[in-house]
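Shown next, in structure tokens, is the structure this report addresses.
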Amino acid sequence: MPDAAATLHVGEALAGGVAAGRVLHLRGELGTGKTTVVRGLLRGLGFTGRVKSPSYTLVEPYSISRLNLYHFDFYRFKDQTEWLSSGFREYFNPDSVCLVEWPERAGTLLAPPDLDLALEFAGEGRRAILQSRSRTGELWLLSFLSRS
């Protein structure tokens, strides 16, 4: 991905496969574009409001049509026990879509996602690596590939 516009496009292409109950993990160093992907995904779903990083609030909720979407950022977790005390487990249910930045900070307490997106620096741009982790994730990945 050569620039921010291409990173937004990745998110927009992911939007086509979003459905209640799905979970996306976003991994990568600071500045690789995790929140930009989420912004593109939300734009692809028709959300026109401000999209901000949940770095300090830990979660930003969005209600889009009948979809409850939660954007998490666990960067500030010092260890996985903070996941236990956060109360966030209830958000991960069949009625919600959860997008999680820095999922590794919750350790093994966080269930595997349907889709895992790793972003990494590649020269002047970025590289996105998508892997499905469930049957639902396979369908989401196929949807993404047909739109990208």
**Fill in**
All conditions in (1) free of Cβ contacts under 8 Å to residues at least 60 places away in the same chain; (2) closer than 19 Å to THR36 by Cα are true of GLU120 except (1)
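Results for (1) at pLDDT 90 or above; (2) of a type outside the set (D, E, K, R); (3) surrounded by fewer than 17 Cβ atoms within 10 Å (Cβ to Cβ), shown as yes or no for each residue.
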{"site": "LEU84", "(1), (2), (3)": "no, yes, yes"}
{"site": "GLU90", "(1), (2), (3)": "yes, no, yes"}
{"site": "VAL97", "(1), (2), (3)": "yes, yes, no"}
{"site": "VAL100", "(1), (2), (3)": "yes, yes, no"}
{"site": "GLU104", "(1), (2), (3)": "yes, no, yes"}
{"site": "GLY107", "(1), (2), (3)": "no, yes, yes"}
{"site": "ASP114", "(1), (2), (3)": "yes, no, no"}
**Prompt:** Just one of TYR56, TYR70 is of a type outside the set (A, V, I, L, M, F, W, C) and in contact with a Phe, Trp or Tyr (Cβ under 9 Å, 6 or more places away or on another chain); which is it?
**Reply:** TYR70
**Asked** Looking at the range 118-137, which of the residues that are of a type in the set (Ser, Thr, Tyr) and outside any strand (DSSP E or B) is surrounded by the fewest Cβ atoms within 10 Å (Cβ to Cβ)?
**Response** SER134
**Message:** Exactly one condition in (1) small (Gly, Ala, Ser); (2) assigned to a strand (DSSP E or B); (3) at pLDDT below 90 is false for SER55; which is it?
**Reply:** (2)
**Prompt:** For the subset of the range 1-47 comprising residues that are within 19 Å of ARG135 (Cα to Cα) and either among the polar types (S, T, N, Q) or over 12 Å from the mean Cα position of the chain (by Cα) (or both), which member is surrounded by the most Cβ atoms within 10 Å (Cβ to Cβ)?
**Reply:** GLY17
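The values are calculated or read from the model by the stated rules, or taken from the named source; none is laboratory data. Since the model is a prediction, treat every value here as computed from it, not as a measurement. Note that we place each Cβ from the backbone using ideal geometry, even for glycine, and neighbour counts take in every protein chain shown.
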